[in-house]
């Protein structure tokens, strides 16, 4: 075989390698996390891979009973779907209504109680799969080449390690970025990298920098407290002493669901890939009914309003107040809302149980998007260059909207104190001040003008791990250092000791010389 | 115009925008830096852009007199090509022969003298263009959309700022990475990021970490000393108070000429793009004569030997010693060497004034590459999966070879102490120990399996800056912080002061209470 033939064979081999179908195991999370994961799964199907999702019987969003190309491996858990729903409702209620109103102590008590329940439920989910030996055997036989996990629900990494396959995280954020910082070794200088959930921007005053460091310490302590409960469980399952954080830190790639149109520029590591907006795609034409309603808005255009997939209803009072405000603008409004029709609903506003949000945001008549500030919705608005009004409710939403406000593409309102006039003012500002639209369009250009689009990039790195059995060449040596070595505290202590020793010796020498001098002078004086 | 028509127009606009030809201004550097830059220029031509290179009359490598598609804007400098050549020879001689042999004081004196000459020459180059008003006017009229500069030769950034156009750096490294760290705000935790030129890997012992911090401090001090000489010049030219480092820090993108096959995984910023191996491409067939010689090696294969473009000759003694070693192996050797034929040259070795290095390294019969460790050569070996023997000579070469050794793809020899047996042993080790080949092939897979190849990526970001007039969304807020703010020293001082105040107040309170108690007891005692 000559040189040229060899090259042809090599190229053919590479081609075959790139189109070979692999088995991918998915460890999903709930809510919008699952919605996001589905886009990756679809792309994996497109590229000819087989996808298996490990899902428990009480899952709320992963609909394993409907026919689908996905293979679902369902495992029993010791609690019902209602218990899980109650837990979710508890978290939402705490975040939306209680977090900012309760006293410090009551908030702490409530949060601890929710976390304890959460840990208990998640432990039962882990037990559900890790003690199901029949399922584990079946999974082992399926020869998965990678596990893709959303670490908001722990145990994906544990399952992967037990099955001996590499794993990848897809993640929006962890509390105070503690997981990324402490387990993933992602550097985050607190002087210009605001801790996630802190609602700070990258340009902080002195007081804000103090606050950022305090948040950072608080989240570290809290996370360490939460993780400690898992350490012995992880050690037991893996049959060797380990920690939750050490196991998490073994992720080959961290697919972070933001990009630099949303994120403040910050240091990151080569195994952190920013794939924000991976679900963004061009708008499809609207249904005839929707298109007619949108076109009827004339030159004023339309406002799209949605509070996301997790909040379906509002109190009657809140709904009336919002409907009243929406009635005061010349635009037509499409409101995704499944509660009772508010009494104050004006003729310009139409309620819909479901809206094709992406297609509406991509419509040239859309002037503004009123959003709860979930990353999925924000990214659709960014992609289509639509400015926003944020009414953040819980989790990362207030923080997300701070990002959009800092980038000049949004006005943010407080859900609790919101009144009609606030909303009318915000609508008029965002619609009439051209800078909001310009900034949104700038973000859109950033999102669309990447070397490779986010979804392709996410799938590239998943396939890279499949092809090479990992991505160890991107793993920083920081993982093998202790915290004091990482921060060079031992070196600083050593150098300080050296300086101290030199100063001590010099002082001793000086004192010795002085004494000698004095001694000589004394003798001289005596002789005189 | 309906919705669909609008979209078609928008897509056509995007297409036109992407293929529009722009005017790119290049600020080149000497030696292998120019060789590397030419690959980017070629790709820019391919994509229909016009390229102008600003070059001074004493340039050694930029051949502006030969016919070329490049427009050369040649400006006069107050020194001759010979003066510049002498300066280059001085640096090389210092690095290769003197650096490790001179006493600390002599080394410092010699290095200071070279640096002073260098600064003087570079200042004259800057003057050459910045006082040439006619040329400046012409450049201004040419409406460049971006300037691409190799910051090893200063003033590219100054010229761009003066012309009011964004600029991009293409850079292998600066002394101790001081430019990237201090001006580009690139974080480099010294516990696992070895300072460039330190010849350390990412896995350091305690002593090495101490050494790394010392290097870091030394390079920071040295760089600050060198840059200070430029500060007033930069302020004067720009007509406002500024510094060398501040102007450098305004680069929109830093194209770093390494990738994670070569680099140790480390934190970086979104405006740092790693494009190592951008000149790598598949091998072309060899000339008949070369192919015959290579094929004549049979199953043993060939060794390719080159000490790079800057070192043409060796001492007769060194050349004989090397030729002697090469004669002791069963492989055929192709040696790129323009000095006199060594007396000990064996029949298996052929000397060539020039070799098609990339085509040879891509030949399946090539077993090992003996290299001086320049990044260009190393990357060709990585691309083709050829293990190396490094005989590093100067600049980043010893450091580069430490990287290749740490990745298991090279054996490193000392040029000064090199003897025949060392070279024979190294050749036998790299050829017969399969791990070297396996590791080189692993690096090759990493280099070839990227979301986008390095050259395309480099050109993507250059075109991005052209399309958007910059890449400010990637610029970290760290640039607007002072050094003590960046390291949170003010916050730490404040928090320490708070703790001290609390301790002080608590102590005072305790003392007050104690005194009161004692007082009461005293009175009680008195009363008793």
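Throughout, read-outs are computed from the coordinates displayed, never taken from laboratory work. As the structure is a prediction and not an experimental result, all values here were calculated from the model. Note that each Cβ is placed from the backbone with ideal geometry, even for glycine, and that neighbours are counted across all protein chains shown.
Considering only chain A, the C-beta nearest to the rotation axis that sends A to B is found at A:267, 2, the distance in whole Å. With viscosity 0.890 mPa s and temperature 25 °C, the Kirkwood radius over alpha carbon pairs of the range B:420-470 converts through Stokes-Einstein to a diffusion coefficient of 173 µm²/s.
With viscosity set to 0.692 mPa s and temperature to 37 °C, compute the Stokes-Einstein D of the range A:37-138, Rh being the Kirkwood radius across alpha carbon pairs; µm²/s, no decimals. For the chosen part, D equals 205 µm²/s. Taking the label point 7 Å along Cα→Cβ, residue A:235 and its counterparts in the other copies are spaced 6.0 nm apart, in ascending order. Residue exposure proxy: A:353, A:38, A:138, ordered by other Cβ atoms within 10 angstrom of their Cβ from fewest to most, comes out as A:353, A:138, A:38. Here is the size of the range A:157-294 from its Cα atoms: Rg then Dmax, 19.2, 64 Å. Over all distinct alpha-carbon pairs, what is the Kirkwood Rh of the range B:393-528 in angstrom? Across the range B:393-528, the inverse of the average 1/r is 23.4 Å.
Peptide A:183-196 shows a mean partner chain C-beta count of 4 within 10 Å per residue C-beta. Rounded to whole Å, the principal axis extents of the Cα atoms in the range B:172-219 read 28, 18, 16, largest first. With the simple model of a label 7 Å out from the Cα in the direction of the Cβ, residue A:134 to residue A:201 spans 5.8 nm.
Restricting the calculation to Cα atoms, every distinct pair contributes to the Kirkwood radius of the range A:231-285, found to be 14.1 Å. With Rg and the Kirkwood Rh both taken from Cα atoms, where does Rg over Rh land for the range B:230-353? Rg/Rh for the range B:230-353 comes to 1.21. Shielding by partners for peptide B:390-402, expressed as the average number of C-beta atoms from other protein chains within 10 Å of each residue's C-beta, is 0. Note on A:470-476: average number of Cβ atoms from other chains within 10 Å of each residue's Cβ is 4.
A Förster radius of 30 Å, combined with the Cβ-Cβ distance separating residue A:419 from residue A:340, puts the computed FRET efficiency at roughly 0.90. Scoring A:212-220, B:377-385 by mean Cβ neighbours within 10 Å over their residues and listing the highest first yields B:377-385, A:212-220.
Between the beta carbons of residue A:69 and residue A:508, assuming R0 = 60 Å, the FRET efficiency works out to 0.15 to the nearest 0.05.
The share of C-alpha pairs in the range B:288-448 whose separation exceeds 23 Å stands at 29 percent.
Counting neighbouring Cβ atoms within 10 Å and putting the fewest first, the residues A:260, A:27 line up as A:260, A:27.
Principal semi-axes of the equivalent ellipsoid, √(5λ) from the alpha carbon gyration tensor of the range A:95-149, are 39, 13, 6 Å from largest down. Sorted ascending by nearby beta carbons within 10 Å, beginning with the fewest, B:150, A:127 become A:127, B:150.
Using a 7 Å projection from Cα along Cα-to-Cβ, the label point at residue B:221 is separated from the same position in the remaining copies by 4.0 nm, smallest value first.
Placing a label point 7 Å from Cα along the Cα-to-Cβ direction at residue A:282 gives distances to the equivalent points in the other copies of 3.2 nm, listed shortest first. For chain A, the normalised intensity computed at q = 0.05, 0.06, 0.09, 0.10 Å⁻¹ comes to -0.26, -0.36, -0.73, -0.88 (log10 of I(q)/I(0), Debye sum over alpha carbons, equal scatterers, no solvent). For chain B, the longest principal axis of the C-alpha atoms and the axis of helix B:489-527 are separated by about 30°. Here the ratio of the Cα radius of gyration of the protein assembly as shown to 2.2 N^0.38 Å is 1.07. Structural descriptor for chain B: relative contact order 13 percent, calculated from alpha carbon pairs under 8 angstrom and at least 6 residues apart.
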